[in-house]
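Here's the structure we're looking at; comments come further down.
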Amino acid sequence: MTDSTTAKARSLPLVSVVTAVFNREDTIAEAIQSVAAQDYADVEHVIQDGGSRDGTLQVIDRVAGPAVSLQSTPDGGIYEGINRGIARTTGDIIGLMHSDDLFADAGIVSAVAAAFDDSEIDGVYGDLDYVAANDTGRIIRKWRSGVYTPDKLRRGWMPPHPTPRCICGVRCLIAGAFMTRSSGSVPITTRCCVIWSGGRSA
């Protein structure tokens, strides 16, 4: 019995992780491997490529497992790519893994899925660690988002990007540990390593 079959037999929700990518041959493998390393049994990884012209597609072909669904077609940018990816998902819980991001540890998706056992939870988000691009174990800066309240949202507060995503009508995963590599003189990455679950928005 496969992990996916086992998960369905146990009625675990399917988690869809969406990655929009364009010309990221240097980082996409780590993002894919980070999703594949999750200990949650039922994950689909939907990769939406915007027509990469470097070696991105070859890297994906080399490292992608059976849980990866790839579509490659030119698009109008990352947000169109994300929306196309979301449209292809089949999961009960949806979240993002940017093409140069990674989860902080193997238990992120399990923790997020467990948060949705509470029927009052519509979305979750995480805190963010900025880490060195060449050493993701070295934390450069921490962004601690704090507790969600509707009033804070009205006053301009927002959880750290890229941790929150909610899709209307769909239970939403705000996916885990993120690494964003900078092309500037100080290469940094971000990783979200604390899962925080929030209540319904007003």
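What follows draws every value from the coordinates through simple rules; no lab data is involved. None of the values given here were measured: they were computed from a predicted structure. Cβ placement follows ideal geometry from the backbone for every residue including glycine, while neighbour counts extend to all protein chains displayed.
Each other residue within a Cβ distance under 13 Å of residue 54 adds +1 if Lys or Arg and -1 if Asp or Glu, for a net charge of -1. Close amide H pairs (under 5 Å, H built 1.01 Å from N) link residue 68 with 45, residues at least 5 positions away or on another chain.
Computed over neighbours whose Cβ is under 12 Å from that of residue 23, the net charge equals -3, Lys and Arg +1, Asp and Glu -1. An oblate overall shape is assigned to segment 16-108, the ratio a/c of its alpha-carbon gyration tensor axes (a ≥ b ≥ c) being 1.5 or greater and a/b not exceeding b/c. A Cβ-based charge dipole, computed about the Cα centre of segment 56-139 with Lys and Arg at +1 and Asp and Glu at -1, lands at about 460 debye.
What shape does segment 106-152 take by its C-alpha gyration tensor, where a ≥ b ≥ c are the square roots of the eigenvalues and a/c under 1.5 counts as rounded, a/b above b/c as prolate, and the rest as oblate? The shape class here is oblate. Peptides 31-41, 80-90 ordered by packing proxy, namely the average of other Cβ atoms within 10 Å per residue, highest first: 31-41, 80-90. Rounded, prolate or oblate, given the Cα gyration tensor of segment 20-64, with a/c below 1.5 counting as rounded? Taking the square roots of the gyration eigenvalues as a ≥ b ≥ c, segment 20-64 is prolate.
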